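See below for the structure under consideration.
The values are calculated or read from the model by the stated rules, or taken from the named source; none is laboratory data. Predicted model only: the values in this text are computed from it and were never measured. Note: ideal-geometry Cβ built from the backbone for every residue, glycine included; neighbour counts use all protein chains shown. Ligands, DNA and RNA are stripped out before the accessible areas are found, and what is left, the full protein with its side chains, is counted by its heavy atoms. Shrake-Rupley method; radii C 1.70, N 1.55, O 1.52, S 1.80 Å.
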Amino acid sequence: MGNIYLVHLTVVVVVFLGVFLPCLCQGDSDDDTTAVYVVTLRHAPVSHYYGELRREVSSFKDAAPAPGRTQFNKPRRYDNITKTDKRYGSYISQVHDSLLKKVLNGEKYLKLYSYHYLINGFAVLVTQKQAEKLSRSSEVSNVVLDFSVRTATTHTPQFLGLPQGAWFQEGGFETAGEGVVIGFVDTGIDPTHPSFGDSKSNHPYPVPGHFSGICEVTRDFPSGSCNRKLVGARHFAASAITRGIFNSTQDYASPFDGDGHGTHTAAVAAGNHGIPVIVAGHHFGNASGMAPRSHIAVYKALYKSFGGFAADVVAAIDQAAQDGVDIISLSITPNRRPPGVATFFNPIDMALLSAVKAGIFVVQAAGNTGPSPTSMFSFSPWIFTVGAASHDRVYSNSIFLGNNVTIPGVGLAPGTDERKLYKLIHAHHALSNNDTTVADDMYVGECQDANKFNKDLIKGNLLMCSYSIRFVLGLSTIKRASETAKNLSAAGVVFYMDPYVIGFQLNPVAMKMPSIIIASTNDSKILMQYYNSSLEIDAVSKKIVKFGAVASICGGLKANYGSAAPKVMYYSARGPDPQDSLPHEADILKPNLLAPGSFIWAAWSSVAADSVEFLAGENFALMSGTSMAAPHVAGLAALIKQKFPSFSPAAIGSALSTTASLYDKSGGPIMAQRSYASPELNESPATPFDMGSGFVNASGALNPGLIFDSGYDDYMSFLCGINGSYPVVLNYTGQNCGLYNSSVYGPDLNLPSITISKLNQSRIVQRTVQNTAQNESYSVGWTAPYGVSLKVFPTHFSIGSGEKQILSVLLNATVNSSLSSFGRIGLFGNQGHVLNIPISIMVKISSNTTTS
């Protein structure tokens, strides 16, 4: 969900592009209104036949390369799969066309996509009456109205311990992630960025043989844009185009990134190692992705001006799976909770279920709708959901006033001469001698036009400018205010927060001249009180005769490192699941994990001029949001996939979860910010509903010891256990719930966590662990949630390499309580492996009468 740059329109700026539901094309009446629908058919998709047979049986042959360019359009060859794959896809497309012609019988419609790999269906622009006709067809299983979605480093490799840990263990950054392809469904990529070049290393860098994706060639994305690093790139926009909202000038009808978000997320996960980060002429260190040697495939389905739509996203996911990506990274979330029997049943999540069936690990941003409980939109257990945490690097700026008061602020900018104090001149008091007045131009205080000011008065002094709601909306910009100050020969510029901008959180902004933004309205009042009290005003003329306020800007280019990290960021969405509450659907822990998401340096698209105005023309950006957290985990998952190529998606998720850290750098509990306003002052210890299993431990995840595994059949059994789900499961998967054990509920899934929404007296939950290491003996310990007695059997066990062990967990409610409580099970191996399993119990119903 993430960049802290455009918000809930309440001026809380958090990383995601606000996407507004567009007006659909209107006819003469409601019956003529057209919309995009995603239609699924009863016949199963390709991946349900072939997805689990991804066995490579022969090497691949390069197509003849064009001069100066290597071609990578290589067919995948699995046991009789690729021979039928494309022909089957073409056949399915013809079936879709035939069905539309038969059902709609000469009526007008527009088919946008045929899906055949992960789901068997299509996206089509039709009227509501036509959609109803399709839904009545015996060949059609499901018709869903398309819905909108939104987009939800230099130091984080060190903070995660990669150079001396995970990278070192596997041979260094030169090989970290090699052979693994990460697919990004996002806003595209800037292929010219050095983070995505393939000539940085002298080591061989072959394109993985199992990947068969292609690169589109357009004017914006010319031949040669792809290489051995960036191995695939496509774009999907049919749903947006049919709505008439696609702007080819801003959005680019190609894989090129006109926004910056997709370039940033791809670089966080898999950007090249050691790329200098230079912004506004300042050097902020060298950047690296988590898996700098892995390969990138881009599936652009989100756009700067409107976000995206499910029909396009499903098409992108379907293509990524067909191309053979190993990991899918989604820094997107729905704009609303999907309706229906349960949130799990929507086209995106069900397509991702098929991707998991095909062996693809799926990572998704938790979203930026926190900090309220139950603020998450997606709870599917086959998707690995990542929340955002801080890390230990912070950039701080401050201004020292002549009354010996220091006010904190933000701004990646140099300071003024530390030996001098400079006069403060408010923009309202520095107007030129023309007829401009505050009454004539109420926005003149935002310093957007140098022609309106008296240069002689401002020269060599600090210009004070108001940071209003217009900056948040993009109507005024920091860049123009800085240019104004420069053109007036000011010594620096001071932005104070307009009192009407409430709850505003701002990323540090890189500026060339001495500058500071005082982000707190309270601190801004202190500055204004000092300034106004220092003015000398003529009693008769009411004119200012002396500016008495002085100050110096301390500068914010130097990073500081603290120990109060990680902590759950205020914007990171929280569990539990409030909607899927009957009877056992809510028993899934989300988020799964925390990763760095606050103030992350990574690549930026240089043409993304007005996504974030102060980044126009820059190659790097400092962004915040769960959008930044998810690709951290995608990159770390690539390291696990590289070391354990046979790991299932669930096994990769287990390795990440069970080894997660529960403590910050100082050894205290991870804290969670609880409010937008003054988040640093509203913190309390994080619960599993805030942080999942904890904060990602990169080195530990590469040596998990035991894993909790599960697969497609387990997820199908879970879905079939949801009350009223039989027809919905059949509609989406083409499979009958009679084939599955429909008594499997959320707590019965073999997840590395236990979540129970309603503990009615007692319950036994079982988990099965498998040993991925050498023979080891384990002891079991636990801390019971409040109001629950807990026992685990066995309390000790020895397990050989590759062997499995069943753990039985007996939970008894000892009080009646509707307050959630939390505990933990620990598995402690004599070879040093330690696994943590969080326990979350919501409603507790005891056989006695004690209440709380």
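Some points to look at:
- Helices (runs of 4 or more DSSP H) (entirely within region 123-191) containing at least 3 residues that are among the hydrophobic types (A, V, I, L, M, F, W, C) and either touching a helix residue (DSSP H, G or I) at 6+ places or on another chain (Cβ under 8 Å) or at pLDDT below 85 (or both): 166-169
- Taken together, the residues in region 668-678 that are modelled with pLDDT under 85 and surrounded by 19 or more Cβ atoms within 10 Å (Cβ to Cβ) amount to 1.
Let's see how each residue does on (1) within 23 Å of residue 33 (Cα to Cα); (2) outside the structural domain of residue 301 (by the TED database); (3) in contact with a strand residue (DSSP E or B) (Cβ under 8 Å, 6 or more places away or on another chain); (4) modelled with pLDDT under 90:
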{"residue": "219", "(1), (2), (3), (4)": "no, no, no, no"}
{"residue": "222", "(1), (2), (3), (4)": "no, no, no, no"}
{"residue": "228", "(1), (2), (3), (4)": "no, no, yes, no"}
{"residue": "234", "(1), (2), (3), (4)": "no, no, yes, no"}
{"residue": "239", "(1), (2), (3), (4)": "yes, no, yes, no"}
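- Residue check: residue 517 meets all listed conditions (1) of a type outside the set (Lys, Arg); (2) surrounded by fewer than 16 Cβ atoms within 10 Å (Cβ to Cβ); (3) part of a strand (DSSP E or B) but one, namely (2).
- Given (1) part of a loop (DSSP other than H, G, I, E, B); (2) within 28 Å of residue 473 (Cα to Cα); (3) among the hydroxyl-bearing types (Ser, Thr, Tyr), index of the condition residue 541 fails: (2)
- Strands (runs of 3 or more DSSP E) within region 315-367 that include 3 or more residues touching a helix residue (DSSP H, G or I) at 6+ places or on another chain (Cβ under 8 Å) and either open to solvent by less than 10 Å² (accessible area, probe 1.4 Å) or at pLDDT 90 or above (or both): 327-330, 361-365
- The C-beta contact set for region 182-206 (first residue not assigned by the TED database to the domain that holds residue 351, second residue open to solvent by 10 Å² or more (accessible area, probe 1.4 Å), distance under 8 angstrom, 6+ apart or interchain) is empty.
- So residue 698, is it crowded, with 24+ Cβ neighbours inside 10 Å and at pLDDT 95 or above: no
- Residue count for region 785-819, restricted to those that are at positive phi and touching a Ser or Thr at 6+ places or on another chain (Cβ under 6 Å): 1
- Residue within region 283-304 that is surrounded by fewer than 21 Cβ atoms within 10 Å (Cβ to Cβ) and basic (Lys, Arg) present: no
- Tally of residues being within 28 Å of the chain's Cα centre (by Cα) and surrounded by fewer than 18 Cβ atoms within 10 Å (Cβ to Cβ) across region 442-476: 5
- Within region 817-826, one or more residues are modelled with pLDDT of 95 or more and basic (Lys, Arg).
- Taken together, the residues in region 587-630 that are touching a Leu at 6+ places or on another chain (Cβ under 8 Å), open to solvent by less than 10 Å² (accessible area, probe 1.4 Å) and either more than 20 Å from residue 576 (Cα to Cα) or modelled with pLDDT under 90 (or both) amount to 7.
- Matching residues in region 549-572 - criterion: being open to solvent by less than 30 Å² (accessible area, probe 1.4 Å) and either under 19 Å from residue 459 (Cα atoms) or small (Gly, Ala, Ser) (or both): 549, 551, 552, 553, 555, 556, 559, 565, 572
- Taken together, the criteria exclude residue 657 from residues that are closer than 13 Å to residue 592 by Cα, under 22 Å from the mean Cα position of the chain (by Cα) and surrounded by fewer than 24 Cβ atoms within 10 Å (Cβ to Cβ).
- Counted as qualifying within region 779-852 are the strands (runs of 3 or more DSSP E) with 2 or more residues that are crowded, with 18+ Cβ neighbours inside 10 Å, assigned by the TED database to the domain that holds residue 766 and under 32 Å from the mean Cα position of the chain (by Cα), namely 821-829, 834-845.
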